[in-house]
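I have placed the structure first, in the form of structure tokens, so that the comments after it can refer back to it.
Just so you know, all these numbers are worked out from the coordinates, no wet-lab data involved. Computed from a prediction, not measured in an experiment: that's the story for all the values here. Note: ideal-geometry Cβ built from the backbone for every residue, glycine included; neighbour counts use all protein chains shown.
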Amino acid sequence: MNKYTLYARIIPTLICSIPALLFQYFFLDQEIANFIGFLGNLEFIGDITLSIAIIYGLSQVNRLIAKIFFEQEEAYMPTTNFLLFSNSEYTKDHKQKIYKKIQKDFDIQLPSEKEQNKNELKSRKQIAEAMSLVRRKVGSGKLLLQHNIEYGFWRNFIGSTLFAIFFSITDFYLAFSQSKNSIFNLSIVLLFVYLVPLIFHKNIIRKVGYLYAKVLIQEYLGMN
């Protein structure tokens, strides 16, 4: 398991699995809970237990949910926005420098300012296609990998909150009905923890995407 998979996929899933674990241990019938625990200890492939396989599977589902519902199309990501002449993040001279390097490295002529004004959507798609090649060329530099992990963590964590909020509300209701005050209070805290990033997901994704794009372009320009 590589560093990205662990920190950007598995850990967000584990954090958001806490309400489900509370539900299993405190509200499921004991025989059912024991059976689930037994399944979790079964070997799946070699030394890999079924519980590890389930966590990995959930991380893939959460990643898919995050990409579908919380991630912008590549044509509207910061890596594309920064290279539009209508965007003020970089000067025109700096953009031209990036354009020339892309043309040299990939034989791709990015649209001029006039072409972008005439057909922005087409221009965005062309820039996005070029930036996918840039990412491949830069690879996993240490600084870029760090920001890629941060972006992946927050995107996947936000995708996982839907699952976590459902079980937090379930735990909240059951704890209230059964007068389990400690679980009731914990459920409120967890619900708050998962709701906040979900409510502010656009700002969070935008910020970490912004930082990732800056580092990607910086590292790309620093390459020979």
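Numbers below:
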quantity: Selection status of Leu190, of a type outside the set (S, T, N, Q) and within 17 Å of Gln24 (Cα to Cα); calculated: yes
quantity: Members of region 123-140 that are assigned to a helix (DSSP H, G or I) and without any contact (Cβ under 8 Å) to a residue 24 or more places away in the chain; calculated: Gln126, Glu129, Arg136
quantity: Among residues of region 3-30, those that are among the aromatic types (Phe, Trp, Tyr) and either under 13 Å from Ala164 (Cβ atoms) or free of Cβ contacts under 8 Å to residues at least 12 places away in the same chain (or both), counted; calculated: 2
quantity: In region 117-171, residue surrounded by the fewest Cβ atoms within 10 Å (Cβ to Cβ) [restricted to those that are out of contact with any helix residue (DSSP H, G or I) (no Cβ under 9 Å at 6 or more places or on another chain) and among the charged types (D, E, K, R)]; calculated: Lys142
quantity: Qualifying position, being in contact (Cβ under 8 Å) with a residue 60 or more places away in the chain and of a type in the set (A, V, I, L, M, F, W, C), among Phe157, Phe172, Phe184, Phe176; calculated: Phe157
